[in-house]
Amino acid sequence: MELKTDFSLKAFNTFKVEAAAARYVRFDSENEIVDFLGRNFLDGQRRLVLGGGSNLLFVDDFDGTVLHPLLKGIHVIKKERQHVWIRAMAGENWDDLVAFAVASGWGGIENLSLIPGSVGASAVQNIGAYGVEVKDLIDRVEAISIHNPEKVRFFPDDCRFGYRSSNFKGRWAGQFIITAVVFKLSRKPDFALAYPGVKSAVEKLGAMTLDNVRQAIVSIRQSKLPDPALIGNAGSFFKNPVIDGHALCGMLKLNPDLPHFPQGDDRYKVAAGWLIERCGWKGRSMGRAAVHDRQALVLVNLGGATGLEILELSEQVNGAVQAMFGIELEREVLVVR
Ligand code: NAP
């Protein structure tokens with residue numbers, strides 16, 4: 001365990017913005033967490049549980065306690081003929097887990113290759129890409145309650161996983177530290193190839209194997225998305241809006257090429273990146289913050305931007321989308337003040 005005061009979080013957020021935490025605690029084991037929470041009553045105090053810092057934007061210094069579980073380890077806990085259960089600790093890098101699963105021949109999470117962040121945060125955010133959401137592979141989530149430091153387990157039904165959301169992000173925010181996630185993977189992979197470009201990218205590489213699917217996803221992502229190691233960003237800044245059939249009809253009359261995807265119940269997801277691009281914001285910058293030039297859903301720090309500058313850019317973009325389409329975009333990124 002490591003406890004620091006007035007601690008810079010620049011290295012712990014992928015936007016690479018400067019922000020200091022009044023108090024920062026790094027944990028390397030479950031026992032350290034239980035022990036710390038037993039001695040430090042955090043109820044009523046500001047606190048933030050940090051993962052890989054890849055889905056948040058600091059717009060100010062954080063005047064509370066940042067709790068950072070960096071627990072490591074990946075273990076197979078059960079094997080059956082069709083499935084394998086692996087328990088990954090919260091501080092493992094998400095993509096390292098995907099690489100391990102693929103190298104072991106276990107399918108399910110290969111489409112989620114190269115998503116930045118930690119294993120713990122994958123459950124908070126219900127990360128998703130190329131037609132796969134992590135909720136469908138999660139067997140259970142292990143956590144420690146901040147209120148009453150004891151170990152608890154949650155099953156998918158408890159977590160209310162939704163589109164880039166869960167109870168951990170919603171009504172339980174700040175109440176639990178996720179320590180590990182157990183995934184149920186398939187020993188006989190069933191590939192998800194419906195998203196545009198995935199199947200053809202795999203075929204170019206050769207046989208339909210887990211390794212080729214991973215490689216295809218990695219190269220698609222690398223061709224469109226900025227690498228947070230090189231340019232500060234937090235992936236998709238906004239969620240794709242979901243609208244009803246009546247609203248969609250109205251939009252399609254004016255914009256027949258609007259990409260839209262049925263969600264059931266007469267609801268349709270529309271591509272937020274397309275809306276932003278149509279408003280003329282793709283590739284535009286405001287000071288040291290910009291809308292990425294290959295994927296308009298991603299905002300980037302061109303170097304030295306403050307969190308506030310990035311937030312202001314996002315508000316301009318959202319305002320333009322509202323003015324042109326009457327749709328208010330919802331942030332996917334968590335803004336921390
Ligand atoms: P894209 O192919 O340009 O498509 C734009 C949007 O259309 C995507 O966001 C996707 O929604 C939706 N879409 C495309 N094909 C679809 C289908 N067959 N069925 C349902 N919805 C479909 O998208 P992109 O920006 O390159 O992203 C590709 C994938 O990577 C997406 O799944 C996206 O979510 C994911 N991604 C995630 C992050 C992150 O930070 N979490 C960042 C970048 C990209 P969905 O987003 O709902 O899948």
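The values are calculated or read from the model by the stated rules, or taken from the named source; none is laboratory data. What you are looking at is a predicted structure, and each value in this text was computed from that prediction instead of being measured. All Cβ positions, glycine included, derive from the backbone under ideal geometry; neighbour counts span all protein chains shown.
Anything in the range 73-113 that is more than 13 Å from GLY52 (Cα to Cα) and either at pLDDT below 95 or in a loop (DSSP other than H, G, I, E, B) (or both)? List them, or say none.
GLY73, GLU80, ARG81, GLN82, GLY105, TRP106, GLY108, ILE109, SER113
Pick out, from the range 183-266, the strands (runs of 3 or more DSSP E) lying fully within it that include 3 or more residues that are under 26 Å from TRP281 (Cβ atoms) and within 16 Å of the ligand (Cβ to nearest atom).
232-236, 260-264
Return the total of residues in the range 123-155 being more than 10 Å from the ligand (Cβ to nearest atom) and in contact (Cβ under 8 Å) with a residue 12 or more places away in the chain.
Summing the residues that are more than 10 Å from the ligand (Cβ to nearest atom) and in contact (Cβ under 8 Å) with a residue 12 or more places away in the chain in the range 123-155 gives 23.
Which one of the conditions (1) buried (at least 21 other Cβ atoms within 10 Å of the Cβ); (2) in the same structural domain as VAL152 (by TED's automatic domain parsing); (3) of a type in the set (A, V, I, L, M, F, W, C) does PHE27 fail to meet, given that it meets all the rest?
(2)
Kindly indicate whether ASP60 is within 16 Å of LEU334 (Cβ to Cβ), among the acidic types (Asp, Glu) and in contact (Cβ under 8 Å) with a residue 40 or more places away in the chain.
Against the criterion (within 16 Å of LEU334 (Cβ to Cβ), among the acidic types (Asp, Glu) and in contact (Cβ under 8 Å) with a residue 40 or more places away in the chain), ASP60 qualifies.
I need the full set of residues from the range 111-122 which are of a type outside the set (Ser, Thr, Tyr) and more than 13 Å from the ligand (Cβ to nearest atom), in order please.
VAL119, GLY120
Of the residues that sit in the range 43-72 and are outside any strand (DSSP E or B) and among the aliphatic types (A, V, I, L, M), which one is farthest from ILE146 (Cα to Cα)?
Going through the qualifying residues, I end up with VAL59.
Sort out for me the strands (runs of 3 or more DSSP E) sitting completely within the range 268-337 that have 1 or more residues that are out of contact with any helix residue (DSSP H, G or I) (no Cβ under 6 Å at 6 or more places or on another chain), closer than 15 Å to ILE231 by Cα and outside the structural domain of ASP60 (by TED's automatic domain parsing).
Counting at least 1 such residues, we get 289-291, 298-301.
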